[in-house]
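These notes are about the structure you will find just below.
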Amino acid sequence: MANAMATSIGIGKRGFTEREQDISLEPERECIFSALTVTTRMSRNLKRWYRNLLRSGRQTDGMKNKKYTRREFIRNLSVTALAGISLPLLSSCSKEEVEDFLQKHFLEMTEEEKKQVIAKLEQRYLKQYGQKFQIGTQEALPETLWSYGLELSRCIGCRRCVYACGQENNNSRYARQLHWIRVLRLKRGNLINLEDSEHYYAPETVPEKGFVYLPVQCQQCQNPPCVKVCPIHATWQEPDGIVVVDYNWCIGCRYCIAACPYKGRVFNWSEPNLPRDEVNPNVHYLGNRPRMKCAVEKCTFCIQRVRQGRYPACVEACPTGSRKFGNLLDPKSEIRYIIERKRVFRLKEDLNTESRFYYFFES
Amino acid sequence: MESLQDLMKETWHFYKKTLILVFKGSKIYYAWCFFLLAIIIVGFVFYWKQHEMGLIETNMTDQVSWGLYIANFTYLVGMAAAAVLLVIPAYIYQFKPIKEIVVLGELFAASSIIMAILFVMVDLGRLDRFWHMLPLIGTMNFPASLLAWDVLALNGYLFLNIFIPVYLLVKFYYRKEPNWKFILPFILLSIPWAVGIHTVTAFLYNGLPARPFWNASILAPRFLASAFCSGPAIIIVIFQIIRKVSAIHLEDKALFKIAELIAYAMFLNLFLLGAEIFKEYYSNTVHIASFKYLFEGLREHTVLVPWIWAAMTMNVIAFFLFLIPTTRKRLSTLNLGCLLIIVGVWIEKGPGFIIPGFVPDPLGEIHEYVPNLLEYMVSFGIWATGFLIFTLLMKVAIPIETGEFSHTGYEKTGKGGIV
C-alpha cells in the first residue's frame with residue numbers, strides 16, 4: 001500500500017520495499033551518546049546496503065532491483081558521509097535533536113521507523129501539553145476520493161467553521177492566530193472578482209444586508225500547483241485526494257504559498273502558540289498534530305476524522321448546514337447528489353486546478 | 001598535456017601561496033576588509049535572532065510571503081548571468097581589451113552567485129533541513145519543481161565560474177599556456193548556462209498562474225534584458241576602482257564597449273516593459289490590479305509608487321546617457337549612468353517585481369509590505385559577504401594578471417614555457 005502511494009506521487013522507487021522491511025532493525029533506545037546513535041545509523045545504512053547488494057545479486061528479477069540498489073547505495077553513502085561530516089557538530093546536540101535532524105521523509109519510513117517516530121512525538125507532546133496524544137498514521141481508505149460541497153445561498157458568514165477548524169486542528173491561537181478557512185464578504189452582484197472582497201468584516205450580527213459570504217479553504221485540487229512546485233516532495237496528494245504536508249520534511253521556502261491560487265496554505269512564522277487546555281489530543285501524523293515553527297500547513301479535510309468515517313469539523317460546526325462532504329467515487333454519496341442535481345461551480349476553474357471543492361446554490 | 005596528479009599538486013601549491021598573499025596588504029586593504037567583516041558580523045547577529053525566533057522577526061506575512069531576500073536573490077542572479085556579456089566578446093570575438101579582464105568578470109559572477117544562494121538560505125524557514133534539498137541525498141522534486149532546477153542551475157554556474165578562472169589563473173601563475181582544448185568547452189558551456197540560470201529563475205515566478213503579475217511569457221526575456229544592464233554597469237564601476245587601486249592596466253576602450261552593450265540591453269528592457277504595460281492597460285482585465293498597485297497605488301496603498309517612478313526615470317536617463325556617444329565616452333557621465341542603472345534596475349526587478357506579485361493576494365486582500373530593520377541588516381550582511389569574497393579573489397587574481405605574482409621557481413628549473 002505504502003509503496004503504491006509513493007509511486008503515485010512520483011517518489012517512485014525510493015519508497016521502501018518489502019525486502020527492506022525484512023531486515024530486523026534493533027531499536028537503539030539504549031544509546032547514551034548521540035554520536036553513538038549517528039554511528040549506528042551509519043553502520044546500519046551500510047549493512048542494509050550490503051545485504052541488499054547480496055540479495056539483488058542472487059535474485060533474478062533483474063534490472064529493477066539493480067537500479068534500485070545502485071541508487072540506494074549512492075544515497076546511503078551520501079547520508080553516511082553527511083552524518084560523518086556533521087559528527088562533531090551533532091555530538092554537541094541532544095540525542096533527540098540528532099534524531100529530528102536525521103528523520104526520514106514520512107513515505108520512506110518503514111513501519112518500525114514510523115512507530116519509533118510516533119513514540120518520540122507522544123513523549124514530546126506529553127511533556128509539552130500534559131496530555132496523552134493518540135497519533136494516527138491511518139492510510140487512505142480504498143475507493144475513496146473526498147470532495148466538498150458548500151451552499152453559498154445558505155452561508156451567513158458567522159465564521160463558526162473557522163474557529164471549529166482551528167480548535168480541531170491544533171492551530172496556533174495567539175500572536176499570529178492561524179486559520180485554515182477564510183470567509184470573504186462580497187457585495188451582492190459579484191462573485192468572481194475577489195479584489196473587492198472584505199476579509200476582516202466585523203459587524204454586530206450576520207448576515208448583513210447586501211452582502212454574500214464566500215468561505216475559502218484548501219480546495220484539494222486534483223492538479224495541485226502547490227505539490228508541483230515543492231522542491232523536496234514535502235507535500236503530496238494521498239490516494240484519497242487529500243493534499244498533505246510532512247511538517248518534519250518542509251524546509252519553509254514558501255514556494256507553495258506563492259503557487260496556491262486559493263491561499264489554502266499558511267505558515268507558522270514563529271513557534272505555534274497552543275495553550276495546554278485547548279489541545280485536541282486525537283491527531284493524525286499528516287494532519288492536526290501540533291506543529292513547529294517555520295513549516296507550512298493547510299486544511300486536510302480533517303484527515304484524522306474522515307479516515308475514521310466522521311465528518312470534518314467545519315461540516316459539523318456549520319449552523320446552517322451549508323457544508324456537505326462525501327466520497328466522489330460513491331454514486332450514492334451526498335456530494336454526488338449535489339453535483340448531479342444542483343448548479344455547482346468551482347473557484348478559479350480557468351486555472352485548471354480541478355479542485356474538488358464545489359460551491360453551489362439552491363437549485 | 002600534464003597528468004591530473006601534476007595539476008592537483010600545482011593547484012595545492014598555488015593555494016598555499018595565495019593564502020599568504022591574501023593576508024598581506026596595505027592599510028586601506030585591511031580597513032576595507034575589516035569594515036566588511038564588521039557588517040557581516042552585525043548581519044549574522046541579526047540573522048541568528050531570526051533563526052532562533054523564526055521568520056516572524058521579518059515583516060513577511062502569509063499575504064506577502066516573499067520579501068527583500070528574494071528580491072535581492074532575483075537581482076543577483078541577473079548580476080551573475082551578466083558575466084556572459086564579457087565572455088562572448090572575449091572568447092568568441094577575441095576582443096582583446098575585454099579578454100584581458102574577462103577572468104575578473106567571471107570571478108564577479110561567482111561572488112554574485114554566492115550572494116544569491118545566501119539570500120535563498122536566509123529566506124528558508126528551516127535551514128536545519130537544508131539537506132533535504134541536496135541531489136541524491138534528499139528528495140529533490142526534479143524536474144517538476146522549478147526551485148529544484150534553480151538549485152542545480154545556480155550551483156552548476158557557480159562551479160563553472162570558479163573552475164574556469166581558477167584554472168586560467170593557476171596557468172598564468174605558472175606562466176604556462178592554458179590547454180585551450182581542455183578549458184574552452186567549459187567556457188562555451190558557461191554562455192548558455194548564464195542565460196539558463198536567469199531563464200530558470202524567471203520561470204520560477206513565471207510558472208505560477210496564481211500570480212497573474214508574474215504569469216507573463218515576456219518575463220524571461222525581460223529578466224535577461226535588465227540583467228544585461230545592471231550586471232555590466234556594476235562591472236564598469238568595479239573595474240575603474242580596480243584600475244585605481246592596483247597596477248592592472250585596463251583600457252577605456254573596454255569600458256566603452258561594455259557601455260555600448262548596456263545601451264542596447266536597456267533599450268530592450270524598456271521596450272519589453274512597455275509591451276507589458278500596453279497589454280495590461282489596454283486590455284484592462286482584473287489582472288491589472290498588481291500593475292496599478294505598482295504604478296498608481298490601489299486606493300490608499302501607495303508604498304511602491306514613488307520607488308517605481310524613480311526607477312523608471314533613472315533607467316530612461318541612463319539609456320540616453322549610454323546611447324549618445326559623447327556622454328558614453330566621458331567617464332563622469334558614464335559613471336553617473338552606471339549608478340542610475342544599478343539602482344534603477346534593483347528597484348525594478350527586486351522589490352518592484354516581487355512585492356506586486358503578492359499584492360493583491362489571490363483572494364483579493366491588499367497587505368502592504370515594507371522590509372524591517374532585521375531584513376535590511378541581514379541583506380547588508382550578505383552583500384558585504386559578497387564584496388569581501390570578491391575583494392579577496394581580486395587580491396589574488398590581479399597580481400597574477402599583471403605578472404607580479406607568479407611561480408618563479410619554474411623559470412629557474414626551466415620547466416614550462418613562458419607566455
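I need the phi-derived Karplus couplings for the stretch A:323-335: 6.51 cos²θ - 1.76 cosθ + 1.60, θ = phi - 60°, integer Hz, Gly and Pro marked x. Couplings: 9, 10, 8, x, 8, 5, 8, 9, x, 9, 6, 4, 5 Hz. Here, P(r) means the percent of Cα pairs in each 5 Å bin from 0 to the largest distance; for the stretch B:119-164 it is 5, 19, 24, 28, 17, 6, 1. Here is the list for the stretch A:89-144: trypsin sites (Lys or Arg not before Pro) lying in DSSP coil, each with at most 16 other C-beta atoms within 10 angstrom of its C-beta, are A:LYS132.
Contact order for the stretch B:308-407, expressed relative to its length and based on alpha carbon pairs under 8 Å spaced 6+ residues apart, stands at 20 percent.
D for the stretch A:146-361, whole µm²/s, Stokes-Einstein with Kirkwood Rh over alpha-carbon pairs at 25 °C and 0.890 mPa s: what number?
Translational diffusion coefficient: 138 µm²/s.
Loop-located GluC sites (Glu not before Pro) across the stretch A:269-363 with a Cβ neighbour count of 15 or fewer within 10 Å are A:GLU354, A:GLU362, with loop assigned by DSSP. If I model a spin label as a point 7 Å beyond the Cα along the Cα-Cβ vector, how far apart are those points for B:ILE183 and B:ALA38 in nm? Each label point is offset 7 Å from its Cα along the Cβ direction, giving 3.8 nm.
Sites listed here are trypsin sites (Lys or Arg not before Pro) in the stretch A:270-363 whose DSSP assignment is loop and whose Cβ has at most 11 other Cβ atoms within 10 Å: A:LYS332. About its Cα centre, the dipole of the stretch B:25-403 is roughly 1420 debye, where the only charges are +1 on Lys and Arg Cβ and -1 on Asp and Glu Cβ.
Cut-off 16 Å, label point 7 angstrom out along Cα-to-Cβ of B:ILE277: give me the residues of the stretch B:210-240 whose amide nitrogen falls inside. B:222, B:226, by backbone N distance to the label point.
When chain B is treated as a Gaussian network with alpha carbon springs shorter than 10 Å, the biggest mean-square fluctuation among B:ASN72, B:ASN59, B:ASN372 belongs to B:ASN372. Volume of the convex hull of the stretch B:60-120 (Cα atoms only), normalised per residue: 64 Å³. When Rg and the Kirkwood Rh are both derived from Cα coordinates, the Rg/Rh ratio for the stretch B:25-403 amounts to 0.96. Across the stretch B:166-322, Cα-Cα pairs more than 18 Å apart make up 72 percent of the total.
Shown in residue order for the stretch B:65-81 are the 3J(HN,Hα) couplings computed by the Karplus curve 6.51 cos²θ - 1.76 cosθ + 1.60 at θ = phi - 60°: 8, 10, x, 4, 4, 5, 4, 5, 4, 4, 4, 6, 4, x, 3, 5, 4 Hz (x for Gly and Pro).
Kirkwood analysis of the stretch B:270-419, using all unique Cα-Cα pairs, places the hydrodynamic radius at 19.6 Å. Report the longest stretch of chain B that contains none of the GluC sites (Glu not before Pro) sitting in a DSSP loop with at most 15 other Cβ atoms within 10 Å. Value returned for the longest uninterrupted segment is B:3-250.
Extent along the principal axes, Cα only, for the stretch A:257-303: 34, 24, 15 Å, with the longest axis given first.
The long axis of helix B:219-245 is offset from the longest Cα principal axis of chain B by roughly 40 degrees. Relative to its Kirkwood radius, the Cα radius of gyration of the stretch B:49-201 gives an Rg/Rh of 1.05. Per-residue ellipticity at 222 nm from helix content only, as computed over the protein assembly as shown with -39500 (n - 2.57) for each DSSP H run of at least four residues, stands at -17500 deg cm²/dmol. Counting Cβ atoms of other protein chains within 10 Å of each Cβ in B:353-362 and taking the mean gives 3. The percentage of C-alpha pairs in the protein assembly as shown whose separation is greater than 48 Å is 27%. Cβ crowding within 10 Å ranks B:TYR30, B:TYR369 as B:TYR30, B:TYR369, fewest other Cβ atoms first.
No value in this document is a laboratory result; all are computed from the given coordinates. Keep in mind it's a predicted model, so treat the numbers as computed, not measured. No Cβ is skipped: glycine too gets one built from the backbone with ideal geometry, and neighbour counts run over all protein chains shown.
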